[in-house]
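Here's the structure we're looking at; comments come further down.
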Amino acid sequence: MELRHLRYFAAVAAHGSFNRAAQILHLTQPALSRQVKDLEEELGVPLLVRGKNAVTLTDAGERFYEEARDLLARADRAIQNVRGEARNEILRVGYAPSMTAGIMPRALERFQAAGPRVRVELADLSSREMHDLANGGRLDLVITPEPTAPIAVRGFQWSEFRRVSPVLVLPESHPLAKLKRIPPVRLKSQPLIGLARENFPDYVRFVRGLLKPFGVTPNFIALENDGITSLFAALEAHNAAAILAEGIAQMMPRSLVSRPFAPALADTSVRIGLPAVRPSPHAETFARILQEEAARSKSAR
């Protein structure tokens, strides 16, 4: 049994989704699924119950997950001891994958090549979780949309990372899915799914601001607190649509599609935040690499 198989299984179990785990691990979803399937075949028992958009643990999976987490923690401590890694050689990054789509894998590769002894801990967080952790001094670098950044996180300095365009995400069976571009006025009276205020405090206000110039008031029929995975499931359950950042296309199940708007909605500024006082040198280096990769991605379009 290989240690990487345990890591892959633990990531899927922790996030309840092959899609999200694959994004965090920087693997394709089919490759991750095969690795976990190999582990199940080696053990001779099913560990996961696979649903359309999410997975749950079997009884055997629950027991194995607890053991796997303990084993991985011991393995990580052993690796750190052998390498002589100090506590300050961990870079803690809070981000939303849709905001770094097409950029994060290359930036990580460059950063690890320059500092192989620094472990990057990527945390896929809701905006509320991100702000709470940053305010508690438990994040070294934050990547977040502009509406939340300067207000909710204290003691951070900000710079623009990139700009992203809003898109409409909807099931393939939705009436608007046949359009290549969505006129914003077509959203009048259309049922929308959104992200709830508790974990995403700026989402509803932000979407209202995007649609206001077109005389459209969003018709939210459900607001999801648990994040993107549960939002995807709600879109299919209600045959509704959601306004999200364009990078979300790399995370969606195949049953959903994304469409740009025409006329376009206002772009969103995505910002990188570092502590204003004594930021981690690793965070400064990683922020610089992210900025360079964002500029490279923009020029390649």
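Note on the chain: antiparallel DSSP beta bridges, both residues inside, total approximately 60 percent of the bridges counted.
Based on Cα contacts under 8 Å between residues 6+ apart, the chain shows a relative contact order of 23 percent.
For residue 59, the accessible area of its heavy atoms, probed at 1.4 Å with every protein chain present, is near 120 square angstrom. With the whole protein complex present, residue 217 retains an accessible surface near 110 Å², based on a 1.4 Å probe. Helical runs assigned H by DSSP (4 residues or longer) give the chain a calculated mean residue ellipticity at 222 nm of -13000 deg cm²/dmol, each run adding -39500 (n - 2.57) before division by the residue total.
Calculation over all alpha carbon pairs of the chain in 10 angstrom steps from 0 returns a P(r) of 6, 25, 32, 26, 10, 2, 0 percent.
Among the listed pairs 178/212; 52/298; 52/180; 180/298, a Cα-Cα separation exceeding 32 Å is found for 52/298. Annotation: residue 50 carries an accessible surface of approximately 100 Å², with a 1.4 Å probe and no ligand, DNA or RNA atoms counted. Normalised size of region 1-137, defined as Cα radius of gyration per 2.2 N^0.38 Å with N residues, equals 1.12. Its Cα centre serving as origin, region 116-197 has a Cβ charge dipole (Lys and Arg +1, Asp and Glu -1) of approximately 400 debye.
Summary value for region 113-246: 30 percent relative contact order, contacts being C-alpha pairs under 8 angstrom separated by 6+ residues. Once divided by 2.2 N^0.38 Å, the Cα radius of gyration of region 158-245 becomes 1.08.
Specify which residue in the list 161, 127, 35 is farthest towards the positive end of the charge dipole of the chain, using unit charges on the beta carbon of Lys, Arg (+1) and Asp, Glu (-1), about the Cα centre. Highest projection toward the positive end goes to 161. Heavy atoms of the protein chains alone define the surface here; on that basis the chain has 50 Å² accessible area per residue at 1.4 Å probe size.
Inverting the mean 1/r over all pairs of different Cα atoms, compute the Kirkwood radius of region 170-301 and quote it in Å. Don't jump to the answer; show the numbers that get you there.
Numbers: mean 1/r = 0.0598 Å⁻¹.
It works out to 16.7 Å.
Using a 10 Å Cβ count of at most 13 others and DSSP loop calls, identify the longest part of the chain lacking such GluC sites (Glu not before Pro).
3-171
The values are calculated or read from the model by the stated rules, or taken from the named source; none is laboratory data. Being a predicted model, the structure only gives us computed values, none of them experimental. Note that we place each Cβ from the backbone using ideal geometry, even for glycine, and neighbour counts take in every protein chain shown. Only protein heavy atoms, including side chains, enter the accessible area calculation; ligands, DNA and RNA are left aside. Shrake-Rupley method; radii C 1.70, N 1.55, O 1.52, S 1.80 Å.
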